[in-house]
Structure formats: C-alpha cells, structure tokens
Amino acid sequence: MSNYCDIKVHDTFPKILRYNAQNWPNEIAMREKEYGIWNEFTWADYNEEVMLLSVGMHALGCGKGDTVGLLGKNRPEWVWGEVAAQAIGSMSMGIYEDSLGPEASYLINYAETKVVIAEDEEQVDKLLELEDVTSIKHIIYCDPRGMRKYDDPRLMDHEDLKELARKELEKNPKLYDELVDMGKADDVAILCTTSGTTSNPKLTMLQSGPFLDHSLAYLRADGREPGDNYVSVLPLPWIMEQVYVVSQALIARVIVNFVEEPETMMADLREIGPSFVLLAPRVWENIAADVRARMMDSTKFKQKMFEWGMKLGMEALDRGERSKLADFILFRALRDRLGFTNLRSAATGGAAMGPDTFRFFLAMGVPLKQLYGQTEMAGAYTIHRGDDIDFDSVGFPFDNAEIKIINPDEEGVGEIVSRNSGMFLGYYKNEEATKEDVRDGWMYTGDAGYFKKENGHLVVIDRIKDLAETSTGIRFSPQFIENKLKFSPFVAEAVILGKDRPYLSAMICIRFSIVSKWCEQNQIAFTNYTNISALPPVYEQVKREIENVNATLPEAQQIQKFVLLYKELDADDGELTRTRKVRRKVVAEKYADIIDAIYEDKPEVHIDTLITFQDGSKSRIVTDLKVETMDGATSVQTKAAAE
C-alpha cells in the first residue's frame, strides 16, 4: 500500500494525476494500439493532455456544475476528457458508444450537457441528428477524418481546443493548477448511468473523495502494483471500467491498454499479457465457447487430448488441487493462446456467471473471482479472497462495506441491503428515486440473496422482481437456469419462461458463429441466422444441450419446451440493456405470441415481422418457429395439470 498516493491530500482525480506526473513523469500510464502499433503515453503526457483539454473547455465557458458528455470507443482521449472535465469542476457523463439517437438524446437533455467530446465522424453524426437537443454548446471531435464537410458552429477539433488552451496558459501559466486546486473531495465528479433494466437509466452522482476511498478499499482486497497491465475492453460508461481505468489506475499507477478494435481484442490481449483483467460474464462465456469451437476444427487426437485434459483438470479442481499433467498437456498452452499467462487476478461482474463457466476457467488456472455491486455503490464491494473460491457465491465484502439480508424466508433468502464509503450522493435530479432506494443510509439493492452458513460467502440469486413461481407453486430463478444454458457453445442467449405458467420453457438464441461452423462441418446447408435457427439438425443439437442442463436440475425446474428465436436479442431493440442484461418485460411483451403458442401446445408459431438494422434499413422476416417438446416432458406437464 506504500506505493499508493495519499488520497486524503490528493482527493480528486486531477490532483492524483498531477502528483503522478510530478513524481513519475516518464513512467508509462497508457498504451493505445493503432494501425498495429502500440503508442505509449507517460504520466507527463497524460497530465499535459488533461491540462490542455481542461483549460480549453474553461475558455469555452464550461465550469463548475456543468456536464461534459463523452461518446465513443475506449480510447485515451475519452479518459483525458473525463479527468479534464473534473479538473474544471464539471461532471463527466459517459454515453455508450452504440447508443442510438433517442438514448443519447434522453441522457444529454436530462443532464443538460454543455460540451460533448466525441470520438469521430460516426459519433458526431449521431449528435448532429439529435434535433430535440438544445443544451449542447460545443462538440469536440478527436478524429478529424471526414469532418471537413460539416459547418455546424458547435463543432471544434480537439487540436484547435488545445491551441486555444495554450494561448490561455501563455496569459496565465498557473491557470491549470489554480483550477485543479479548487477541486474538493465532495464535488460530484461522475454522473454514471444505471443499467436501466426496466426504464430509462438513472444518473448516479459520484463524488471524487468517496469514489477514491472505495477504490482504495478494493485495492486492499485485491491489490495492484505500479506497472501492472490492464486491458480496457468493457464500455467506459460502465461503473466498473470507471473503477479500473480511471481511479484504480491513478491510485496504483497501473498501465491501461486500449485495443485497436473489439475484433482484435483477444490478439491484443495476448500481446500485452495483462496482470489482471475484468471481463463481463458474456465475454467469459464467448471465450469458453470459442475454445470449444476451435476444438471442433482440430484433429481427433487433439480433441481427445482436450477432453482428457479437461477431465483431469475438473477432477483436480473438485479436490481443491491443480493437475500438473492437465497443465502440461492442455492448460499452459491454452492460457498462452488466450493471453492469460501473466494473470495474477481475473474478475467478472455486472451480471451473474454460471458455475460451469466459472469452473472451466478455474480448472484452466485462471485466477477468476466473482464481484458484486451496484453503480450506486461505486461498483463492486464484494470479492472472493485468495483461494477461497465458491462457484455459487460472490465472496466477502470489502473492509469498507457492510451487507445485511432483510426479511429472510425460512431458507434465509431475503433482500440484500448494503452501505460503503463510496456510496453515491443520490440520483441526479431524482430525489424521489433516491428516497426509494436509500433508507437510513442503506442501499436497498432489489437483489435476493443469502449468506452461506458453512463459509459466510454472499450468494446472489436474482433480482427479487425476476424470481418467479409457476402456477403450481414451484419457485425458480430464471437467471440461474439461463446461465447454465449459456455455458453451451451453441447458446448465445436464453430467456426462461414459466412465471404463473404450469411448467418451464425457454426461448433460445443460437450462437451463430459456432452453429454455422458446426453446420459446415456436418455439411448442412444454410443461408442466414433465421434460416439456420430453424433447421431440424440445429434443433436436435440444442435439444441435447438442454438435456444436459436438465440433468443438473430438480425435475420441477427442468425445461419442458423451447423455441429457437429467428433473431438475436439486441440492445438496439430494447431487449437487452447496454451491459447485456435481459429486459424481461420488453421480451415478454414483444414475443407474447411465441410465449402463448408454447403454452397453448401449438406445434409451431407463424412469424411475419420487420427488423430494423443500425443503419435504419429494414428487413421482413417470414418464417414458422417450431415449438420443440423435450423427451419426458409430458409426465411433468401431466403432473402440473393435475395439481
């Protein structure tokens, strides 16, 4: 901990940055891959960029209490813009780069955003099309390519902004230091969007001092060292990427690496060989699925070796050990291929991860830990400690956090309420929602959970509102079963049905990249996603995957019927949040005809619908979805009918 700066003295992000630049000016702070080359930025470079951006925005009239929006991919300029906003007393607000017009418009209007720092022409186009937005006075773009054709007076090249700053600094060389010194620990630094699973996202007000204090508590629970490498791939508006890329990186002087494109993530990850990673469950699931897909292309010998290595690794894991033989024949090469050789810590958070996926990576030797938290609590505040890993749990609270279970049932399951030193100030311009979620200093999370009696770990089951009961009184967690299904390389997304219905069913989205490869190997012709998801051999393969999951579930919680959806669930269609959580209400309303067909014992359901793509084009889909019944389902359904 001696390597970390004193956050009581340096109590804002810009103050820590300035401290790092003064004491370690030539140490690498960031890398960005561009055109195949890793460009390096030192702490002095980082501080210089922030100084120029902040002084430039100050000259444009942006200051205390204003909101600065950030729109684009994960890039150094995004982080520089955020810290620069805080240096002049403004609040930074990240907007997901794949947000469509109405989403961006809502956030910009709601926060009365004065300046937006946009990555490139694509994001500028998005902003210029927002006719109902009036608060934006300046749009600072970072990539000038394609920008000559625009003449909107709000547009400004960030190089021109920096030139403006240099002129201001010539007049007053101490201006930046004066601005930074005015910052206080209790200033609201970040407006961070909640996931918004049921409605428009709320904006949490996070203060510099509490946020830094909470990040320090995280570092005490899972330490970092100066010079450690982190690869930033999760969206920067998400709270956990704020913790890792901004606050932890500043406090512990971690090197943040930005990949060239999402498609090059795994190759770039391997080049860096990070010391620690944070990936969403969806990404871990994709990596596990990709490993299995590659094995499908391998020789019979390699497939046998993979199966043998996995068997040895899993058996050793169950004994609380590591298999040296499995490491030699499989896992060492696999870790190297994935870029996980140097990992000291790996984490997943933002949603629940299935225990099967968790076991897969632990057996491989990836030091994976589960996190739990909320945006309102400055991100995660629980983690597994050391080797005390429990696949079903999220570990223990940090030393600055308290957790209680209230209104428990006979099994000890109740609502999780918590508090910590990084807790938010409240929802921006929404006191009513703040009072609803925070009572007597405790955050009512809306999650159901319990503490394990044998080891004290916290187990998070599901959102309380998502816990369901069949019409026959069988309680179940949709999320738990969905995560089991998504361990299959063939399943990209699953939605479990059964609330107030006699039995459980599933709507499943296939993982197109894997299923298409499987079809090619088996010489099965297909054209597109809709076509391949309707093929009988694909239905049979998915049915086998569901049978494997059903074998691990109590009979009453087993899936009895399923359909393969004609399209993937998409955040752009409102079916998923930007952090890839299912919006169950939207899905239930949108696919009501399919759900009714399942429970009305129809063999198929006719689909005639329009799909809108990101570029605005539309495509008509006309198909018949087969409703597949699992073997042995009739006995369960008969029991349900009798009850």
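The values are calculated or read from the model by the stated rules, or taken from the named source; none is laboratory data. In this text the structure is predicted, and so the values were computed from the model without any measurement. Glycine also receives a Cβ, built like all others from the backbone with ideal geometry; neighbour counts cover every protein chain displayed. Keep in mind that these areas ignore ligands, DNA and RNA; they rest on the heavy atoms of the full protein, side chains included. Shrake-Rupley method; radii C 1.70, N 1.55, O 1.52, S 1.80 Å.
Brief remarks on what is shown
- Of all residues in segment 33-51, those that are hydroxyl-bearing (Ser, Thr, Tyr) have Cβ atoms under 7 Å from Cβ atoms of residues that are part of a strand (DSSP E or B), 6 or more apart or on another chain, in Thr42/Ile28; Thr42/Ala29; Tyr46/Ala29; Tyr46/Met30.
- Here Asp132 clears all of (1) assigned to a helix (DSSP H, G or I); (2) modelled with pLDDT under 90 except the condition numbered (1).
- Members of segment 180-196 that are open to solvent by 20 Å² or more (accessible area, probe 1.4 Å) and of a type outside the set (S, T, N, Q): Asp181, Met182, Lys184, Ala185, Asp186, Asp187, Val188
- Of everything in segment 91-128 that is over 23 Å from Ser195 (Cα atoms) and open to solvent by less than 10 Å² (accessible area, probe 1.4 Å), the residue that is modelled with the highest pLDDT is Val115.
- Restricting attention to segment 546-580, the residues that are part of a helix (DSSP H, G or I) and modelled with pLDDT under 85 total 3.
- Evaluation of Val124 against (1) part of a helix (DSSP H, G or I); (2) without any contact (Cβ under 8 Å) to a residue 24 or more places away in the chain (one fails), failing number: (2)
- Residues (within 20 Å of Leu107 (Cβ to Cβ) and open to solvent by less than 30 Å² (accessible area, probe 1.4 Å)) located in segment 142-156: Cys142
- Residue list for segment 270-290, restricted to those being in a loop (DSSP other than H, G, I, E, B) and either modelled with pLDDT under 90 or under 18 Å from Pro489 (Cα atoms) (or both): Ala280
- Residue in segment 327-349 that is among the polar types (S, T, N, Q), surrounded by fewer than 19 Cβ atoms within 10 Å (Cβ to Cβ), modelled with pLDDT of 90 or more and in a loop (DSSP other than H, G, I, E, B) present: yes
- The residues in segment 32-61 that are surrounded by 23 or more Cβ atoms within 10 Å (Cβ to Cβ) and aliphatic (A, V, I, L, M) can be counted, and the count is 6.
- Gln86 being in contact with an Asp or Glu (Cβ under 8 Å, 6 or more places away or on another chain) and either open to solvent by 10 Å² or more (accessible area, probe 1.4 Å) or outside any strand (DSSP E or B) (or both): yes
- Pick from segment 449-471, criterion more than 18 Å from Gly354 (Cβ to Cβ), open to solvent by 40 Å² or more (accessible area, probe 1.4 Å) and not aliphatic (A, V, I, L, M), ranking: farthest from the chain's Cα centre (by Cα): Ser471
- Checking the stated criteria, Phe487 turns out not to satisfy the condition of being touching a residue at least 40 places away in the same chain (Cβ under 8 Å), in a helix (DSSP H, G or I) and open to solvent by 30 Å² or more (accessible area, probe 1.4 Å).
- The one condition from (1) open to solvent by less than 50 Å² (accessible area, probe 1.4 Å); (2) at pLDDT 95 or above that Lys404 does not meet is (1).
- Spans of helices (runs of 4 or more DSSP H) in segment 157-268 with at least 1 residues touching a Pro at 6+ places or on another chain (Cβ under 6 Å): 175-181
- For segment 502-555, the set of residues classified as open to solvent by 10 Å² or more (accessible area, probe 1.4 Å) and of a type in the set (A, V, I, L, M) consists of Ile524, Ala525, Ala534, Leu535, Val549, Ala551, Leu553, listed by residue number.
- Among the residues of segment 291-326, the ones that are assigned to a helix (DSSP H, G or I), closer than 30 Å to Ala380 by Cβ and open to solvent by 70 Å² or more (accessible area, probe 1.4 Å) come to 1 in all.
- Cβ-Cβ under 9 Å pairs, at least 6 apart or on other chains, segment 349-374 side within 17 Å of Ile461 (Cα to Cα), far side open to solvent by less than 10 Å² (accessible area, probe 1.4 Å) and of a type in the set (Lys, Arg): none
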